[in-house]
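Written out below as structure tokens is the structure these notes cover.
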Amino acid sequence: MGSADQVSDGYSAVMFMDGSNVSRQMRASEFGAFLDGYVGLSDLADTDVKAVYVLLGTDLMVRSLVFFRIYFDEEGRADSHWNLPVEKLAKKGAKGPDMGAGPIRLVCRSQCPKSANAEELWDPDMTPGSNHFQAIRRALEANSLKLRKVEPTPEENIPVLGDEARSPEDLETSADRVRLARVIREQRLRIKTLQSVHRDALSDIQRENRHEMQALRNEIAELQQKFERQKLSNEQLKNRLAERNEQYLSMQEQIAGGDARKEHEDATVDAEVVLLREQLERRQRELEIRDEKIVALEQENYDLRHQKPSENSVMDHLQGHSVFLVAYHPGVGHITLPYDDIETYFRNPVAYAAERCGLNEPAYKQWLEHYEKPVCHHQGADGTPCEEPVMRVSQPADFRTGIDDRCEKHQPQSEN
């Protein structure tokens, strides 16, 4: 990977993701230092990091994104064998979402120019409230890397041949087609990433099931060994009892008409025989209990092998194609309600929708009020609201109370 921060027509940077948030960002040259092994990151020791290579224009608008993985060893140093050509991939990516300067070039696991590199990539989350594209855009707007923004030079209004011959209706239709194509492209990308997430979830469930089955097999093998040892001990005890019985019979033959001393010895032998029989019976009961445990574990093992997927799981959905209740809320879209969530949803639908957006209920209600009626909420000295129309913010997570619900006249004054 090259070490230059500024490419010929913009900048390049790398962002590390933690869940749906940007946890660390750096210029390309800093990332190059990590790859060269000059510095390490102790907090990332023995971690498989999800990262994003970002290509920006001089206007600090995103032009290309590459979602890649990189491993940091036990000392927090980047994998020395990592050689993914992210700069080349960034120039070959297919069209992705519009992040302010038209559709970006996007490279991810589900949309990779070279299938051989797919395993080193990952798919972004496009779910409302945890959208990686929005998180990256917010990080760039904060501009903690101090990148210098170059405003575009006004260009002369050069007429395009044929534009003057097109009617306003034709131009509007063309723009609608562009917007529709963009929406369809984003929805297809979202479907691809969701399918990838489902595949990963199914793989995780199958891996956990294999581990659980292996643990049960080990437990059964251990119990079988204990059972065999108990059987051996029981056989030895039976042999000892047989020997005692033979001694007892031999002594009975010798003590015919015997005296009190012999009677005492007989009583001693009888007591020992009774004790040995009690020990044998106790061992036999323990053996029966262990047999019952083994049978129960074998039944549990069989049930685990043949059990139906649990309700409201990914496997159950994929296997049974069950029909679930679907609700719609602004900012979240259509929500498929799992069976276990139906009671919670109907107890407080707004709180449920707010949680799906990653917000608390009051914050979601403030956005919803703005979304349903996007006007200025500033109140004058007499208490009369301004109600001047403002730009609607379509995503709850992007809404800023006191800023996005104020018109230009009543925006907070910046401290400059």
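Below are the figures for this structure:
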read-out: The one condition in (1) surrounded by fewer than 16 Cβ atoms within 10 Å (Cβ to Cβ); (2) free of Cβ contacts under 8 Å to residues at least 60 places away in the same chain that N21 fails to fulfil; value: (2)
read-out: Selected residue [surrounded by fewer than 16 Cβ atoms within 10 Å (Cβ to Cβ) and either touching a Gly at 6+ places or on another chain (Cβ under 7 Å) or not hydrophobic (A, V, I, L, M, F, W, C) (or both)] from N131, N143, N117; value: N143
read-out: Residues satisfying the stated conditions in region 25-49, i.e. assigned to a strand (DSSP E or B) and touching an Asp or Glu at 6+ places or on another chain (Cβ under 8 Å); value: R27
read-out: Residue check, G32 out of contact with any helix residue (DSSP H, G or I) (no Cβ under 6 Å at 6 or more places or on another chain), modelled with pLDDT under 90 and open to solvent by less than 50 Å² (accessible area, probe 1.4 Å); value: yes
read-out: Residues located in region 1-18, provided they are open to solvent by less than 30 Å² (accessible area, probe 1.4 Å) and either assigned to a helix (DSSP H, G or I) or at pLDDT 90 or above (or both); value: Y11, S12, A13, V14, M15, F16, M17
read-out: Residue within region 277-286 that is modelled with pLDDT of 90 or more, surrounded by 11 or more Cβ atoms within 10 Å (Cβ to Cβ) and among the hydrophobic types (A, V, I, L, M, F, W, C) present; value: yes
read-out: Qualifying residues in region 116-170 (those that are farther than 30 Å from H334 by Cα, under 23 Å from the mean Cα position of the chain (by Cα) and not aliphatic (A, V, I, L, M)) - the one modelled with the lowest pLDDT; value: N117
read-out: Sole residue being open to solvent by less than 40 Å² (accessible area, probe 1.4 Å) and touching a Leu at 6+ places or on another chain (Cβ under 8 Å), chosen from P396, P374; value: P396
read-out: Residue satisfying all of: in region 46-58; free of Cβ contacts under 8 Å to residues at least 60 places away in the same chain and among the aliphatic types (A, V, I, L, M); surrounded by the most Cβ atoms within 10 Å (Cβ to Cβ) among these; value: L55
read-out: Selected residue (criterion: farthest from D36 (Cα to Cα)) from residues of region 59-73 that are in a strand (DSSP E or B) and open to solvent by 50 Å² or more (accessible area, probe 1.4 Å); value: R63
read-out: Residue in region 355-388 that is nearest to the chain's Cα centre (by Cα), counting only those that are farther than 24 Å from K409 by Cβ and in a loop (DSSP other than H, G, I, E, B); value: G358
read-out: Tally, over region 19-72, of residues that are within 18 Å of S144 (Cβ to Cβ) and of a type in the set (K, R); value: 2
read-out: Residues being outside any loop (DSSP other than H, G, I, E, B) and either touching a residue at least 40 places away in the same chain (Cβ under 8 Å) or touching a strand residue (DSSP E or B) at 6+ places or on another chain (Cβ under 9 Å) (or both) - total across region 119-141; value: 12
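The values are calculated or read from the model by the stated rules, or taken from the named source; none is laboratory data. Bear in mind that the values here come from a model prediction, so they are computed numbers and not experimental data. Every residue, glycine as well, gets a Cβ built from its backbone with ideal geometry; the counts of neighbours run over all protein chains shown. In case anyone asks, the SASA skips ligands and DNA or RNA and just uses the protein heavy atoms, side chains included. Shrake-Rupley method; radii C 1.70, N 1.55, O 1.52, S 1.80 Å.
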